[in-house]
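*Asks:* This structure is in structure tokens; I'll ask about it shortly.
The values are calculated or read from the model by the stated rules, or taken from the named source; none is laboratory data. Keep in mind that this is a model prediction, so the values were computed, not measured. Cβ placement follows ideal geometry from the backbone for every residue including glycine, while neighbour counts extend to all protein chains displayed.
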Amino acid sequence: MTSSPLWQPFTLGRVELPHRLALAPMTRNRAEPDGTPGALAATYYGQRASLGLVITEGTQPSEDGQGYPNTPGIYTPAHVAGWRGVADAVHAGGGALFIQLMHVGRMSHPDNTPHHRQPVAPSAISADQDMFTATGAQKTPLPRELSVTDIAAVIAEFRHAAASAIDAGADGVELHGANGYLLHQFLSPNANHRTDHYGGSVENRSRFVIEVATAVAEEIGADRVGIRLSPAMPLGGIDEGDPDSVRVQYRHLVGELATLNLAYLHIHHIGDDQLLRSFRDVWPTALLVVRYGRTREQIADDINTGLADIAPLGRFALANPDIVERLRIDAPLNEVDQTTLYGGDAAGYTDYPALTPA
């Protein structure tokens, strides 16, 4: 595998990467109760700095943006201080840190947020999903529809969070427009029933995502901003319609986002290679592609065929802090402990063993 383009350096925005691997964003639910990432988070991300591009777990830009217990935030001075420790650890290991900004919208429960208020969404339509809380699984409640004034306030929250990430020493941010969360909810016709200029047509459903990306790019520089999308991903109660409808929606959206010249587009891909190729044809900078169920032998496939520039790794990297070295020398891999994925302490987080030196 070492002769593959996977191992060639790559320039992404303002950072120089040593190869084409990256750490994919993965929720771990180990922040302090106030959303501050602690010393364990710095250890966890620092252990994985050899991946080059380190994309963090979803991080809420506001109190309304939180969906799950013990997820980190990036909107208070304490959050900034906590993330500064993470950034220092990643930089010490030679990596670049992008903090993923994740506003969950309707995928929340009042028991999990600091203010215990009703979740917000493009329309007052429940995701009807089970949500883990401190008292067990509860259904996601009916959200409050965001007014146009509210939407402007949410965009300002993304601006503030992006600026806070840079203040914390991060190299950039990734906007989470995927997996059933707020940006994805605006894109999906079954979650967005608005009749104003944020709903109805393909162009209107795309508007909020484009406005968030534009605002954040203005705030910190387009070359410090990536965005993650997941066309047709049915998470969080999302149903984007038939394949032709999905293609129309995302070709328009990606075409508009392409004009912003962001650092990268990150696709959580579930199989429409025709659509993925159309993104490749119009996107001017880096394209990241992650697929479910890849084997280690398939990691470089999209790079080798020209469909992607970077291959983010999820659970391979979670269980193997030295995954880069293991892939280089074809070493065995640790298996993921499914019982420690979400919440807890160092077990299943920072205690996965590295290779024993020969």
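*Asks:* Filter region 220-245 down to residues that are in contact with a strand residue (DSSP E or B) (Cβ under 9 Å, 6 or more places away or on another chain) and assigned to a helix (DSSP H, G or I) and give me whichever is surrounded by the most Cβ atoms within 10 Å (Cβ to Cβ).
*Replies:* Arg224
*Asks:* Working carefully through the options Ser147, Ser126, find the one that is modelled with pLDDT of 95 or more and surrounded by 14 or more Cβ atoms within 10 Å (Cβ to Cβ).
*Replies:* Criteria check complete, one pass: Ser126.
*Asks:* Here is a further query. Among the candidates Glu174, Glu157, which residue alone is closer than 21 Å to Glu57 by Cα, modelled with pLDDT of 95 or more, buried (at least 24 other Cβ atoms within 10 Å of the Cβ) and acidic (Asp, Glu)? Show your work before the answer.
*Replies:* Details: Glu157 fails: buried (at least 24 other Cβ atoms within 10 Å of the Cβ).
Sole residue among the options that is closer than 21 Å to Glu57 by Cα, modelled with pLDDT of 95 or more, buried (at least 24 other Cβ atoms within 10 Å of the Cβ) and acidic (Asp, Glu): Glu174.
*Asks:* For region 17-39, does any single residue satisfy the condition of being under 21 Å from Leu229 (Cα atoms), over 17 Å from the mean Cα position of the chain (by Cα) and surrounded by 23 or more Cβ atoms within 10 Å (Cβ to Cβ)?
*Replies:* Among the residues of region 17-39, at least one is under 21 Å from Leu229 (Cα atoms), over 17 Å from the mean Cα position of the chain (by Cα) and surrounded by 23 or more Cβ atoms within 10 Å (Cβ to Cβ), which makes the answer yes.
*Asks:* Here is a further query. Would you mind finding the one in Arg84, Arg106, Arg117 that is assigned to a loop (DSSP other than H, G, I, E, B), in contact (Cβ under 8 Å) with a residue 24 or more places away in the chain and surrounded by fewer than 19 Cβ atoms within 10 Å (Cβ to Cβ)?
*Replies:* On the way: Arg84 fails: assigned to a loop (DSSP other than H, G, I, E, B); Arg106 fails: surrounded by fewer than 19 Cβ atoms within 10 Å (Cβ to Cβ).
Going through Arg84, Arg106, Arg117 in turn, the sole match is Arg117.
*Asks:* So how many residues does region 280-301 have that are part of a helix (DSSP H, G or I) and either in contact (Cβ under 8 Å) with a residue 40 or more places away in the chain or under 19 Å from Arg251 (Cβ atoms) (or both)?
*Replies:* 3
*Asks:* Mind checking which residues of region 20-51 are of a type in the set (A, V, I, L, M) and either more than 12 Å from Trp83 (Cα to Cα) or touching a strand residue (DSSP E or B) at 6+ places or on another chain (Cβ under 9 Å) (or both)?
*Replies:* Passing the criteria: Leu21, Ala22, Leu23, Ala24, Met26, Ala31, Ala41, Ala49, Leu51.
*Asks:* Another question, if that's okay. Can you tell me how many residues in region 322-333 are surrounded by fewer than 18 Cβ atoms within 10 Å (Cβ to Cβ) and over 18 Å from Pro5 (Cβ atoms)?
*Replies:* The initial filter retains those residues of region 322-333 that are surrounded by fewer than 18 Cβ atoms within 10 Å (Cβ to Cβ), namely 325, 328-333.
Now narrow it down to the ones that are over 18 Å from Pro5 (Cβ atoms): 325, 329, 331-333.
Number of matching residues: 5.
*Asks:* Turning to a different aspect of this structure: Give the residues of region 185-239 that are among the acidic types (Asp, Glu) and either closer than 24 Å to Gly13 by Cα or touching a His at 6+ places or on another chain (Cβ under 6 Å) (or both), sorted by residue number. Working first, answer last.
*Replies:* Filtering region 185-239 down to residues among the acidic types (Asp, Glu) leaves 196, 203, 211, 218-219, 223, 239.
Passing the criteria: Glu211, Glu218, Glu219, Asp223.
Residues are listed down the side, and each one gets a yes or a no for (1) free of Cβ contacts under 8 Å to residues at least 40 places away in the same chain; (2) within 28 Å of Leu355 (Cβ to Cβ):
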residue: Thr56; (1), (2): no, yes
residue: Asn70; (1), (2): no, no
residue: Pro77; (1), (2): yes, no
residue: Gly93; (1), (2): no, yes
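*Asks:* In region 246-257, is there at least one residue being farther than 20 Å from Thr59 by Cβ, free of Cβ contacts under 8 Å to residues at least 12 places away in the same chain and surrounded by fewer than 18 Cβ atoms within 10 Å (Cβ to Cβ)?
*Replies:* no
*Asks:* Hey, among Ala319, Ala300, which residue is surrounded by fewer than 21 Cβ atoms within 10 Å (Cβ to Cβ) and either in contact with a Leu (Cβ under 6 Å, 6 or more places away or on another chain) or not hydrophobic (A, V, I, L, M, F, W, C) (or both)?
*Replies:* Among Ala319, Ala300, only Ala300 is surrounded by fewer than 21 Cβ atoms within 10 Å (Cβ to Cβ) and either in contact with a Leu (Cβ under 6 Å, 6 or more places away or on another chain) or not hydrophobic (A, V, I, L, M, F, W, C) (or both).
*Asks:* Then there's this: Just one of Asp345, Asp322, Asp309, Asp301 is farther than 17 Å from His19 by Cα and among the charged types (D, E, K, R); which is it? Give the derivation first.
*Replies:* On the way: Asp322 fails: farther than 17 Å from His19 by Cα; Asp309 fails: farther than 17 Å from His19 by Cα; Asp301 fails: farther than 17 Å from His19 by Cα.
Every option except Asp345 fails the conditions.
*Asks:* Among the listed residues Ala41, Ala22, Ala49, Ala89, which satisfies the condition of being under 21 Å from Arg291 (Cα atoms), among the hydrophobic types (A, V, I, L, M, F, W, C), modelled with pLDDT of 95 or more and in contact with a helix residue (DSSP H, G or I) (Cβ under 7 Å, 6 or more places away or on another chain)?
*Replies:* Testing whether each residue is under 21 Å from Arg291 (Cα atoms), among the hydrophobic types (A, V, I, L, M, F, W, C), modelled with pLDDT of 95 or more and in contact with a helix residue (DSSP H, G or I) (Cβ under 7 Å, 6 or more places away or on another chain) leaves just Ala22.
*Asks:* Still on this structure: Say whether the condition of being part of a helix (DSSP H, G or I), without any contact (Cβ under 8 Å) to a residue 40 or more places away in the chain, surrounded by 16 or more Cβ atoms within 10 Å (Cβ to Cβ) and not acidic (Asp, Glu) is met by at least one residue in region 260-278. I'd like the intermediate steps shown before the answer.
*Replies:* The initial filter retains those residues of region 260-278 that are part of a helix (DSSP H, G or I), namely 273-278.
With without any contact (Cβ under 8 Å) to a residue 40 or more places away in the chain added as a condition, the list becomes 273-274, 276-278.
From what is left, the residues that are surrounded by 16 or more Cβ atoms within 10 Å (Cβ to Cβ) are 276, 278.
From the residues that got through so far, the ones that are not acidic (Asp, Glu) too are 276, 278.
Yes, that holds for at least one residue.
*Asks:* Could you grab me the full set of residues in region 190-209 that are crowded, with 17+ Cβ neighbours inside 10 Å and either under 22 Å from Ala156 (Cβ atoms) or out of contact with any helix residue (DSSP H, G or I) (no Cβ under 7 Å at 6 or more places or on another chain) (or both)?
*Replies:* Of everything in region 190-209, those that are crowded, with 17+ Cβ neighbours inside 10 Å and either under 22 Å from Ala156 (Cβ atoms) or out of contact with any helix residue (DSSP H, G or I) (no Cβ under 7 Å at 6 or more places or on another chain) (or both) turn out to be Asn192, Arg194, Tyr198, Gly199, Arg205, Ser206, Arg207, Phe208, Val209.
*Asks:* Could you list, ordered by first residue, the pairs with Cβ atoms under 6 Å in which the first is in region 124-147 and of a type in the set (D, E, K, R) and the second is assigned to a loop (DSSP other than H, G, I, E, B), at least 6 apart or interchain?
*Replies:* That search, which allows pairs on different chains as well, returns Asp128/Gly237; Arg144/Gln118; Glu145/Ser123; Glu145/Ala124.
*Asks:* Can you tell me which residues in region 28-61 are polar (S, T, N, Q) and at positive phi?
*Replies:* Asn29
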